[in-house]
Amino acid sequence: MYRTSWITACLLFILLMACKEEKKTLLDTEKVEVDDFIDFFPELKLPFLVADTSLPAKSPDSLRIGNRIFAQFVPDSILHPVFGKKSKPKIYPIGKLEVEDGETYLFVKAVLAQKRSAYLLVFDKEIYKTALPLLTISGTPKEADRNVASMDSRYTITTLRQRTTSDGQVVYNKKVYVYNTEGVFTMILTESNDKDAASAVLLNPIDTLKATHKLSGDYIRDKKNVLSFRDGRTEGTLMFFVHFEKDGGECRGELKGEAKITGKNTARYTETNGPCQIDFTFSANTVTMKELEGCGSYRDIKCFFEGSFTRKKKATPPANKKKK
């Protein structure tokens, strides 16, 4: 009897070790296929919710996904708006949800110092389709604030950002998305009682840079739609910053980068490690912007970097009156 028990225990130990060996990690030193990448994410059940209070929890390094492996299957440009182009945040799987005969949703967490973000990735037939930023926090979340994202049994995604103002008022921003057969997320509902968000002052991060090039300057439509150019770091380039808001603020986009001058009155921005491309065409006192390839990481769904802006006249100092 004891001999049988010993043999059974040995067999169980061998099986356990074999299972551990089959469990793959996703470090940059390893070669993995897309099915290995997807299988690395644990199964989730609907409804599912990810909250700002859960993001600070430390994830084990054994679950980390190498940055090169992540970029092999997902454009790492989705991380740039939060972490910057040159940063390499640590990436961890949260979980996956598979639609029968349909797409696969992957929830992923990115961490750099005190900054943490959650994203939703979509794969269809093991091909990456798109990503949706869900929430971002820096440091420890305030008890009075709330930042959550959820998916219900119909695969509808809701993001809710809630904060308490200094006078004790609770304000919120709620957005609801669905993934459609075109391979994009579509916003189907938005609700907000946050008046401060609509009246917030827009800050131009390149405003203080040199503007000696003939094309440098501020081009505007209104106070919420601005396209600015400044002298580039090298000859033949222009720094630019664009912020736009459409449909009453329901669709927004913002991007800062360096465009290459391609002609007498043309320039093009090409993302270094991503698909985003934008053309700028200058004519008289206007500039026309046109998105050539997917810049979805820098804007909301169903709106694009496009349209014309009029050059803002430089303020002239008042002339000194001569004394009679």
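The values are calculated or read from the model by the stated rules, or taken from the named source; none is laboratory data. Not measured: the values here are computed from a predicted model. When we count neighbours, we look across all protein chains shown, and the Cβ atoms used for this are built from the backbone with ideal geometry, even at glycine. These area figures cover heavy atoms from the full protein model, side chains too; ligands, DNA and RNA do not enter into them. Shrake-Rupley method; radii C 1.70, N 1.55, O 1.52, S 1.80 Å.
I'd like the carbon and sulfur percentage of the solvent accessible area for the range 254-312, probe radius 1.4 Å, heavy atoms only, ligands and nucleic acids excluded. Don't skip to the answer; put the middle values down first.
Working: 1360 of 3050 Å².
After summing per-atom areas, the C and S share lands at 45 percent.
Summarise the long-distance tail of P(r) for the range 69-227 by giving the % of C-alpha pairs beyond 23 Å. Tail of P(r) above 23 Å: 54 percent of Cα pairs. A straight chain from Gln277 to Val34 at 0.36 nm per residue would run longer than the Cα-Cα distance by 84.9 nm.
Taking amide H as placed 1.01 Å from N in the peptide plane, Thr237 has its amide H under 5 Å from the amide H of Gly232, Ile261, each at least 5 places away in sequence or on another chain.
The modelled label-to-label distance for the pair Lys85/Arg68, using points 7 Å beyond Cα in the direction of Cβ, is 2.1 nm.
What's the FRET efficiency of Ser308 with Ser192 using the Cβ-Cβ distance as r and R₀ = 22 Å, to the nearest 0.05?
0.15
For the range 223-323, dividing the convex hull volume of the Cα atoms by the residue count gives 135 Å³ per residue. Orientation-averaged projection of the range 202-281 equals 5.8 nm² [convex hull of Cα atoms, one quarter of hull surface area].
In this structure, the amide hydrogen of Leu135, modeled 1.01 Å from its nitrogen in the peptide plane, lies closer than 5 angstrom to those of Ala118, counting only residues at least 5 positions away or on a different chain.
Here the calculated FRET efficiency for Asp61 and Arg252, from their Cβ-Cβ distance with R0 = 35 Å, stands at 0.45, rounded to the nearest 0.05.
Figure the gain on full extension for Tyr172 and Thr270 (residue separation times 0.36 nm, minus the Cα-Cα span) and round it to one decimal in nm.
31.7 nm
Based on the Stokes-Einstein relation at 25 °C and a viscosity of 0.890 mPa s, and on the Kirkwood radius from alpha carbon pairs, the range 119-198 is assigned a translational diffusion coefficient of 172 µm²/s.
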